[in-house]
1. Test of understanding: among 95, 19, which residue is open to solvent by 30 Å² or more (accessible area, probe 1.4 Å), touching a Cys at 6+ places or on another chain (Cβ under 9 Å) and of a type in the set (A, V, I, L, M, F, W, C)?
2. Which of (1) open to solvent by less than 50 Å² (accessible area, probe 1.4 Å); (2) under 12 Å from the mean Cα position of the chain (by Cα) is the odd one out, the single condition residue 86 does not satisfy?
3. Between a first residue in segment 103-131 that is in contact (Cβ under 8 Å) with a residue 24 or more places away in the chain and over 12 Å from residue 51 (Cβ atoms) and a second residue that is in a strand (DSSP E or B) and open to solvent by 70 Å² or more (accessible area, probe 1.4 Å), which pairs have beta carbons less than 6 Å apart while being 6 or more apart in sequence or on different chains?
4. Let me confirm something: among 81, 25, which residue is open to solvent by less than 60 Å² (accessible area, probe 1.4 Å) and modelled with pLDDT of 95 or more?
5. Which condition does residue 34 not pass, out of (1) small (Gly, Ala, Ser); (2) open to solvent by 50 Å² or more (accessible area, probe 1.4 Å); (3) over 27 Å from residue 108 (Cα atoms), if it passes all the others?
6. Of the residues that make up segment 22-36, is at least one touching a Ser or Thr at 6+ places or on another chain (Cβ under 7 Å) and without any contact (Cβ under 8 Å) to a residue 60 or more places away in the chain?
7. Among the residues of segment 85-94, how many are modelled with pLDDT of 95 or more and part of a loop (DSSP other than H, G, I, E, B)?
8. Provide a single number: the residues in segment 95-115 that are in a loop (DSSP other than H, G, I, E, B), under 22 Å from residue 80 (Cα atoms) and of a type in the set (A, V, I, L, M).
Amino acid sequence: MIGSIRVKNNGFTLIELMITVAIVAILVSIAYPAYSSFVQKSNRTDATQSMSFTAQQLERCYSQGFNFTLCQAPPYNVPAALTSSQGFYTVTVTILSATTYQVVATPLRAPQLGDFSCQQFMLTNNVQSATNGGGGVTTSTCWGSS
């Protein structure tokens, strides 16, 4: 053939590009939920740490006065409600009697609002527990014991 010039094609075809996009989309659809779950699980320590610290304050007060009802007044000043240290949970303290208290942590903001496995944490002077959406998650899973 006279005058024909062979042109080398260095680009991608539309099919190759679409296959690449599909592979990336599949990888993202698998990776993002796993990442979100990991972040939620790691943020649960914000609730348990804040609750444990508050319980320590209450127990310290009780060891000095043998009465939890004195703990929210001076000189102990255990707050009735506070925001957890990293701001993911609201922690409320309820003095039930002179010998019992209840500390509850509820999610305050994302991503913990979407943590349906461990929706609420509760700590009393003798029991720690967590509530969930009925997915069979145990208290020890939410508190990080397993």
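The values are calculated or read from the model by the stated rules, or taken from the named source; none is laboratory data. What you see is a predicted model; the values in this text were computed from it and never measured. Neighbour counts are summed over all protein chains in view; Cβ atoms, including those assigned to glycine, are modelled from backbone coordinates with ideal geometry. Calculation scope for accessible area: heavy atoms of the full protein, side chains included, ligands and nucleic acids excluded. Shrake-Rupley method; radii C 1.70, N 1.55, O 1.52, S 1.80 Å.
1. Checking each option against the conditions leaves just 95.
2. Condition (1) is where residue 86 drops out.
3. That search, which allows pairs on different chains as well, returns nothing.
4. 25
5. Answer for residue 34: the failing condition is (3).
6. No, segment 22-36 contains no residue that is touching a Ser or Thr at 6+ places or on another chain (Cβ under 7 Å) and without any contact (Cβ under 8 Å) to a residue 60 or more places away in the chain.
7. 3
8. 3
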